[in-house]
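Read the structure below first, then the notes.
Nothing in this text is a laboratory measurement; each read-out follows from the coordinates by a stated rule. Quick caveat: nothing in here was measured; it's all calculated off a predicted structure. Every residue, glycine as well, gets a Cβ built from its backbone with ideal geometry; the counts of neighbours run over all protein chains shown.
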Amino acid sequence: MKLIIKILGNILHPDIKDEIIGDLLEAYDQRAKKNKFIAGLHFILESFISIKWGKMFYQNERLWSSQNVKFSLRHLRRNWRETVVHISGLSLGLAICILLAFFYFHEKSFDTFHEDHTSVYRIVNEADQGVQYGVTPWPTGPFIEADFPEVAATRIYHTFRKTPTLARSDKQEFFYEDDLFFVDGNFFDILTFKLLKGQTSEVLKEPNSIVLSESLAQKLFGSENPVGRELWFESTLRLTVTGVVENSPPNSHLQYQAFASLGDIASIFQATGNRFSFEGWYWTAVNTYVRLPHGLTSQQLETDLVDFTQRHVPEAFAHRRNFKLQPLADIHLNSDEIEDIFVEKRSEVEIKIAMLLGIIVLSIAIINFINLASASSSNRLYALNIKKRLGASYGQIFTQMLTEAMMVVISSLLISLLLVFGTLPYFNELINVRIGFFDYFQLETLGWFVACALFITFVMGFYPASYTLRQVSKDTFGQHIKRNTITQKILVAFQLFASIFLIYGCIIIYNQFSFLTQKDLGFKNENVLMVPIRGTEASMNTQLFKQRFENSPYVTNTSLLSDIMGSTVQLVPFRIDGKPEQQNIATMFVDFDFVETFDIEVVDGRDFDPTIHSDSNAFLINESALSYFENGWEEARLNRGNGKIIGVLKDFHFMDLHLEIEPLMIGMSDAWRNYLALNVKGSNFSEIYEDIESKWVELEPNRPFDAWFLDEKLNNLYRSEKNQSIIVAVFSILSVVIAIIGLLALVTEFIQNRYKEIGIRKVLGASVNQIYYLITRSIALLFLLVIAFNLPLARLIMGRWLDNYPTHIDHQWMYYLYAFLITGLLIGSLISYKCLRAARVNPIEIIKDE
Amino acid sequence: MNDSIGNLEEMVLLLVMTLEPEAYAISLANEYKKIKKKSISTPAIHTVLKRLVSKGFLSSRAGEGTPERGGRSKVYYSLTKEGYAVIKEVQIQREQLWANAEKPQFT
């Protein structure tokens, strides 16, 4: 209420001010006897109405005229230094905020472009141990369609652990195409990507048909019409092009280059050398999407799917096939807990942090403007007072100041848009998204934009304007009035708060990132060349390939293995003696040279030995897996080939560092040889690569050589952390710079307010040190107070971010200390400089005026 | 100057006349509520009062402040000669009309 009275007092004409406020208060008083709350509401409402009519009657002059623009421009031009600081600070802040808002909305918009996307769901397969998979068994989709005729289901199959090759049928130029998906015929009815050529229901109806994306069609056939042409898939299967689909939208969780028909699964399997069965409920390999009819809710279908599992899935693993429905739009942001193969996903915490950062940066910029504008207002009191004397009303002065703020906001907005336009490509590249500048310029967003601009103008303009008006109304010709120190302190405190927080966040993110990339994984990953061999000649003839490669002067050892070390490993069910239930344990399949190639320490037992025949059924385990064998691993028997365990390896990070080290079994199997790891020596990598490639081409002429170094691949896993830390660092530094400009202005004003006091103190014999102490004391106290509040909050927020990572750095007081020291030193030195300059000034200069 | 007055304006003029010399916005609003059985907001009263002052039917003078007003002074209103004339005229016109009219027969 006090605030409203103050506002009214500032706005209303002094002739009627007392009467109106008095009457309003009295009316409130009468009503408050009955009900305080209602009286308060009445008071607020009536106050607003009073402002309106008060203006109507008591200001014959117009509140806003084009003169305002002229005056504002003149003012901004005269104080161009200040204007430049205002506009540059604000436009930087706005640009950062807009970029982050783009990012936020982009991430939120994932998969919402599909027609009626709220009725599309992905089937998630929940195993009994709470593990969720995005992949389902092959029959899930067709059986759902059979049991629930009104539900449409489609499957997406990504060639299992293998990058397939494609080539034009008339040219033998094979290339790898990883983003090729096999889908059911009704695919485009459920995920409604736009077809540029071909009919939605027709294109994938026939087996062996393929729909290319626009860019792949361009790559293969140039400007020729691709429809009707033929492609080689894996050099054995002919696929006919039946249509062209738009390039995958940037906000699709499915990033594709081509869709081929799943019509003839057997021939696809044959072409890829896949010998699994696609009829059972055991192997989970396809993503299944369903479109529900109107009137059927996902809960209803989920309940029905319980019976469905009972009906169809064999009892032995029915408990590991609990089907849940995940809304299509949730897949991108809410799949942290779900194991997937090809889904583009991001953690929601990440975008929340981005939004938080954006809001902090914008607040800093706005507060900065408020600080600077009110700090400089004393300089223009003369001008405003004269204006007032010449007959300007309070309202006119108020609107003029708001006009100024608005002009600053509008020009900053325009500049920030330019900045955004210029930096968007780099931003996209850094965080690995594809956001178009015009994606978000629809009518609705423009409306929001204007609303935000007005809001910012009001927030920014209001305080400095009303503060200046208050001074004018005190009729102080040239006399300096001290600012309301509480408000001033709160603003300074916020700036400090945000600065320390941002620097702290930066330090934590940077440390976490370097922790992830420099952590010892527990196995050798430098100089390891990985050759994908699944479904190739090499997987049939491993010994020949191994020998050929080992003949190379650059290769020291080679090992076959099923998974990429350090990224993901398949779970395999085991039945262990003494445990009632089947256990899903991460399992890799390798050959005899595995331990040697990756230089892993055997802590107990022994390595595989090629001279012992039974070792081909034996297993190695890691230390974490010891928990399964409480009675000693030596005696344990496993259901797989009656295998026994022969040794224990030291724990190593076989999964990506976003995940914890889990129990691991390492066995031998011919069916699972997906990669050949070559341990190479030498320094000229391109020479090594060429040498090995030549050996590959001799044996496998139809298949391009596509090997990569393991450490590079693993570093790519942490690319998003790296880019995140860069972005947070850049934005934080920028906003800290903005904040410091603002703080500096405040301190300058603070010192100016006490200039006379400093002069008198010096005349009376105070030393420079004493004056320095006097001025900095209150700021230092404020700083400490801010830290007391900041510390727990910063720890809490960054703690939540770190919790995303099972292996993460611990909070250390050191990090906070660094943040504190950096901010303290930066601000401290600037303030000290200003203070000392003030303290050194000859007192005569200051007090000679009086 | 526009001499005609509206319904609410007439009401307020009458209220001022009856409440004089204690006629200010809040007492007027309270009296209005008592007679009309309908409440009126403070700014609405203010609007009418200011309009009547600008038409020259009311004059105002500053009064004392009270604690519930936060010490702000009241503004009392009283009728001017023109103001009195205007409502008197309305009254006379009405009385003439009433005198000439017969009681209607309701069917």
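Given the Cα-Cα distance of A:E279 and A:N334 and 0.36 nm per residue of separation, how much length would full extension add, in nm?
Numbers: separation 55, 0.36 × 55 = 19.80 nm, distance 3.00 nm.
Result for the pair: 16.8 nm of gain on full extension.
Once the Cβ-Cβ distance between A:R434 and A:N804 is put in as r, and R0 is 25 Å, what FRET efficiency do you end up with, to the nearest 0.05?
Numbers: r = 24 Å, r/R0 = 0.95.
Efficiency, rounded to the nearest 0.05: 0.55.
Looking at A:F455, A:N371, A:P314, which one has the Cα that reaches farthest to the positive end of the dipole of the protein assembly as shown (charges on Cβ: Lys, Arg +1; Asp, Glu -1)?
The Cα lying farthest towards the positive end belongs to A:N371.
I want the antiparallel fraction of DSSP beta bridges within region A:203-345, as a percent rounded to 5. Can you show the working numbers first?
Working: 7 of 12 bridges.
Here the share of antiparallel DSSP bridges comes out near 60 percent.
Which one of A:S720, A:G759, A:A739 is farthest out on the positive end of the charge dipole of region A:706-786, using unit charges on Cβ (Lys, Arg +1; Asp, Glu -1) and the Cα centre as origin?
A:G759
Return one number: the angle in degrees, 0 to 90 and rounded to the nearest 10, between the long axis of the Cα atoms of helix A:542-551 and the longest principal axis of the Cα atoms of chain A.
Relative to chain A, helix A:542-551 is tipped by roughly 70 degrees.
Can you show me the helix-derived [θ] at 222 nm for the protein assembly as shown, built from DSSP H runs with n ≥ 4 at -39,500 (n - 2.57) apiece and divided by the number of residues, rounded to the nearest 500.
Working: 30 runs with 495 residues, N = 957.
After summing the helix terms and dividing by residue count, I get -17000 deg cm²/dmol.
Round to the nearest 0.05 the FRET efficiency obtained for A:I733 and A:S627 when R0 = 45 Å and r is the Cβ-Cβ distance. Mind dumping the intermediate values first?
Values: r = 46 Å, r/R0 = 1.02.
Step by step, r from the Cβ atoms, then E = 0.45.
I need the calculated FRET efficiency for the pair A:F342 and B:N30, taking r as the beta carbon distance and R₀ as 51 Å, to the nearest 0.05. Mind dumping the intermediate values first?
Details: r = 75 Å, r/R0 = 1.48.
Using R0 = 51 Å, I get an efficiency of 0.10.
Checking the table A:K524/A:K650; A:K546/A:K695; A:K524/A:K695; A:K108/A:K219; A:K33/B:K33 against a 21 Å threshold on Cα-Cα, which pairs fail?
A:K524/A:K695; A:K108/A:K219
Report the extension gain between A:D147 and A:E660 in nm, rounded to one decimal, defined as 0.36 nm multiplied by the number of residues separating them, less their alpha carbon distance.
180.7 nm
Taking the Cα centre of chain A as origin and charging only Cβ (+1 Lys, Arg; -1 Asp, Glu), how large is the dipole, in debye to the nearest 20? List each step's numbers first, then the result.
Numbers: 77 positive and 93 negative charges, 1324 e Å.
I would put it at about 6360 debye.
Can you tell me the Rg and Dmax of region B:7-100, counting just the alpha carbons, in angstroms?
14.2, 53
Between A:R575 and A:E444, what length in nm is gained on full extension when 0.36 nm per residue of separation is reduced by their alpha carbon distance?
Working: separation 131, 0.36 × 131 = 47.16 nm, distance 5.81 nm.
In short, 41.4 nm is gained.
Classify region A:573-728: rounded, prolate or oblate, from the alpha-carbon gyration tensor (a ≥ b ≥ c, eigenvalue square roots; a/c under 1.5 rounded; otherwise prolate if a/b is larger than b/c)?
Numbers: a/c = 2.29, a/b = 1.42, b/c = 1.61.
Because a/c hits 1.5 or more and a/b fails to exceed b/c, region A:573-728 counts as oblate.
Rounded to the nearest 5, what is the percent of antiparallel bridges among the DSSP beta bridges in the protein assembly as shown?
Working: 67 of 88 bridges.
Bridges in the protein assembly as shown are about 75 percent antiparallel.
Any idea what angle helix A:80-108 forms with the longest principal axis of chain A, computed on alpha-carbon atoms, 0 to 90 degrees, nearest 10?
30 degrees
Could you state the angle between the C-alpha long axis of helix A:719-753 and the longest principal axis of the C-alpha atoms of chain A, as a value from 0 to 90 degrees rounded to the nearest 10?
So the inclination is approximately 10 degrees.
If the viscosity is 1.002 mPa s and the temperature 20 °C, what translational diffusion coefficient in µm²/s does Stokes-Einstein give for chain A when Rh comes from Kirkwood over Cα pairs?
Details: Rh = 32.6 Å.
D, rounded to a whole number, is 66 µm²/s.
Please order A:D593, A:D128, A:D116 by the number of other Cβ within 10 Å, starting at the fewest.
On the way: A:D593 20, A:D128 14, A:D116 11.
If I rank by nearby Cβ atoms, fewest first, I get A:D116, A:D128, A:D593.
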